[in-house]
Amino acid sequence: MSDEKVLSLLKEEFENKNIVRCIFSNMKGDYEYNKIIVKPLVIKNNFLYQFEQFKNNKAYHENITIEEAKKKLQEIVDNFYQHMVFTKNSDIQIIRGKKDFNVKKVTNEKEVCSLSHNKTKKYILEEGTRIPFLIKLGIMGEDGKVFKNSYDKFRQINKYLEFIDDTIKELKSKKLIENHIKAVDFGCGKSYLTFALHHYLKNIQNMTFEVIGLDLKKDVIEYCNKVAKELNLENLEFLTGDIKDFDKLKNVDMIFSLHACNNATDYSLLKGLELNAKVILAVPCCQHEFNQKMSSNKKSEFYSNFNPIGKHGILLEKFASIATDAFRAQALELCGYKTQVMEFIDMEHTPKNILIREIVDKTNEKTLEKKLVEYENYKNFLGIEPLLDTLLRPYFKIKEVKNENN
Ligand SMILES: C[S@@+](CC[C@H](N)C(=O)[O-])C[C@H]1O[C@@H](n2cnc3c(N)ncnc32)[C@H](O)[C@@H]1O
C-alpha cells in the first residue's frame, strides 16, 4: 500500500473515532521521537487523542483534537517504519517494506475501552466483584477492591484471560474442542494464572475441565494445593515435578509455559508435542542459551555481518532473546502449528512480554518446504545448534526439502 493510501486509511480511522490504541515505532532517520502511542480520551466532554511521545527514555504527552491528530499523521507515516493500529473492529499492522507498506488487517470483536480520562477498563475479572481466589492470593480485599500495589498483577491476570478467551473461541470455532478442556500449566509457580484459568473456565465459560499446575518447587506446590482445597476448587491439581518428566496425562488440549526459565520453555514445547496439544501458549524468559552459544561462535555469519550488535553485551542479549523466540515460533510452524507472536502485557510492567501462541493447523507441503529452508538458513546464520532443534526436529512435518533437480 502506498504512503498516500496508508495516510488516508489512518485519517479515516481517526476521523471516525475508531481508534482504540496505536503504537508507532521503529523510527526512520533522526526523527525527534522514537515511539508514539496514541489513545482516544474524553476530557470535559471533548473527544481528544492523547499522543504519548517518547524521547530519551522520557514520555511527553499531548492531548489534541481529531483535526490536529489528522495533521500529525503525515509526519508519522513519513517517520516510522512500523504502525500498529488497534481499532474498534480490527487490528491493523502496517510495516514499511522496500517499496510500499505491507498491511495486514485482522478483524476482531474486542471490547472497546472506556474513554474517560480516569478510565476504568472493562476487564474480564471486574474490580468491585468479590473473586475468592484473588482475595485469597492477596490481590483484592474482601470488598472486591484491588489493592493498590497489586494492580499490575490484576491487569496481568486480566490480559492473560483475554488471550485465553480468544483462544477458547478459536478452538471451539475450529471444532478442536467442545465444552471440555484439559490444560496443563508448566512452571506454574504461585499459580495466580492457573487459579485465574480455573475461575474463568468454571465461572465465566461454564465448561468442564481438568487443570494441572506443575512446578519444581515442592513448597510452592503444597501452598497451591492448600489454597485450592480451602477454596473448594475441583478438577484443579498441583503437582511437583520437572516438565521433562510429566506423564500424568496422555493427551492435553492446552499447554501453558509462562515465564518458565531458559530451556524450561523448550521442554514445555516438546511436552506439548508429545501430548498432542491443540494449543500452546508460551511467554518465555531469560533466553540464555542462544546468547551463550552465539557468543561462542565468532566466525558465524551473524558475527560477520552483525558485529555492531554482537560486540555490545546488552544488545546481543536483547537480540539473542528475539532470535530465540523467532526460532521457537518457526520450529513450531514446522511441527504443524499456526504461530502468532504477540505482546503479552505492556513493556512498562515486565520486559518478559512476548507471547508465542501456537494452534494446530492444516499443513501444506510447499509452505512447509519454504519454512524449512528459512529455518535452516536462519540457524546457519546464527551459527548455533539450539537444544530446541534436537528436541523438536523429530516432530517436523517435513524432514528435508526435495531437490528440484531430482
Ligand atoms: C518465573 S516463575 C513463573 C510462574 C508463573 N508461571 C507465572 O507466570 O506467574 C517460573 C517457574 O517455573 C518453574 N520451573 C522452572 N523450570 C522448571 C522445570 N524444568 N520444571 C517445572 N517447573 C520449572 C520455577 O520453579 C518457577 O516457579
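Amide H contacts under 5 Å for Ser300: none, restricted to partners 5 or more places along the chain or on a different chain, H placed in the peptide plane at 1.01 Å from N. Springs between Cα atoms under 10 Å define the GNM used for the chain, and in it the highest mean-square fluctuation of Gln287, Gln93, Gln340 occurs at Gln93.
Quick one: if the Förster radius is 51 Å, what FRET efficiency do Asp3 and Lys169 give, using the C-beta to C-beta distance and rounding to 0.05? Given R0 = 51 Å and the Cβ-Cβ separation, E is 0.90. Couplings 3J(HN,Hα) of the range 366-381, computed from phi: 5, 5, 5, 4, 4, 5, 5, 4, 4, 4, 5, 4, 5, 5, 5, 4 Hz, in residue order, whole Hz [Karplus 6.51 cos²θ - 1.76 cosθ + 1.60, θ = phi - 60°; x for Gly and Pro]. Under 5 Å between amide hydrogens, built in the peptide plane, is the criterion, and for Ala277 it picks out Val252 among residues at least 5 positions away or on other chains. Segment Met207..Glu15, full-extension length gain: 65.0 nm, with 0.36 nm per residue of separation and the alpha-carbon distance subtracted. FRET efficiency for the pair Lys311 and Glu68, taken as 1/(1 + (r/R0)^6) with r the Cβ-Cβ distance and R0 = 45 Å, rounds to 0.55. Length gained on full extension, Lys370 to Lys399: 9.2 nm, using 0.36 nm per residue less the C-alpha separation.
Rounded to whole numbers, the Karplus 3J(HN,Hα) couplings from phi for the range 246-252 are 5, 9, 5, 10, 9, 10, 9 Hz, using 6.51 cos²θ - 1.76 cosθ + 1.60 with θ = phi - 60°, and x at Gly and Pro. Of the cross-linked pairs Lys145/Lys226; Lys70/Lys105; Lys98/Lys370; Lys35/Lys55; Lys44/Lys153, those separated by over 19 Å at the C-alpha level are Lys145/Lys226; Lys70/Lys105; Lys98/Lys370; Lys44/Lys153. Straight-line reach from Lys99: which aspartates and glutamates have Cα under 14 Å away, leaving out those fewer than 8 places along the same chain? Answer for Lys99, where 14 Å is the Cα cut-off: Asp3, Glu4, Asp78, listed by chain and number.
Listed by chain and number, the aspartates and glutamates whose C-alpha is less than 19 Å from the C-alpha of Lys169, apart from same-chain residues fewer than 8 away, are Asp91, Glu109, Glu111, Glu178, Glu210, Asp253, Glu358, Asp361. For the chain, a Gaussian network of Cα nodes joined below 10 Å ranks Glu75, Glu343, Glu369 by mean-square fluctuation, and the top entry is Glu75.
Packing order of peptides 322-328, 392-398, 9-15, highest average first: 322-328, 9-15, 392-398 (average count of other Cβ atoms within 10 Å over each peptide's residues).
Every helix of 4 or more DSSP H residues in the chain counts as -39500 (n - 2.57), and over all residues that averages to -11500 deg cm²/dmol at 222 nm.
In summary, the lysines within cross-link reach of Lys71, defined as a Cα separation below 17 angstrom excluding same-chain residues under 8 places away, comprise Lys5, Lys11, Lys17, Lys39. Who wins for biggest fluctuation among Ile243, Ile139, Ile19 in a Gaussian network model of the chain, springs between alpha carbons below 10 Å? Residue with maximal mean-square fluctuation among Ile243, Ile139, Ile19: Ile19. Taking amide H atoms as placed 1.01 Å from N in the peptide plane, the amide H of Val20 lies under 5 Å from those of Phe86, Thr87, Lys88, each 5 or more residues away in sequence or on another chain.
As a size descriptor, the averaged projected area of the C-alpha convex hull of the chain was calculated at 22.9 nm². Judged by the mean number of other Cβ atoms found within 10 Å, the most tightly packed of the peptides 215-221, 154-160 leads the ranking 154-160, 215-221. Using θ = phi - 60° in the Karplus curve 6.51 cos²θ - 1.76 cosθ + 1.60, the 3J(HN,Hα) couplings for the range 2-18 round to 6, 4, 5, 5, 4, 4, 6, 4, 5, 4, 5, 5, 5, 4, 7, 6, 8 Hz; x is entered for Gly and Pro.
No lab work stands behind these numbers, since they all come straight from the coordinates. Everything numeric in this text was worked out from a predicted model, so none of it was measured. No Cβ is skipped: glycine too gets one built from the backbone with ideal geometry, and neighbour counts run over all protein chains shown.
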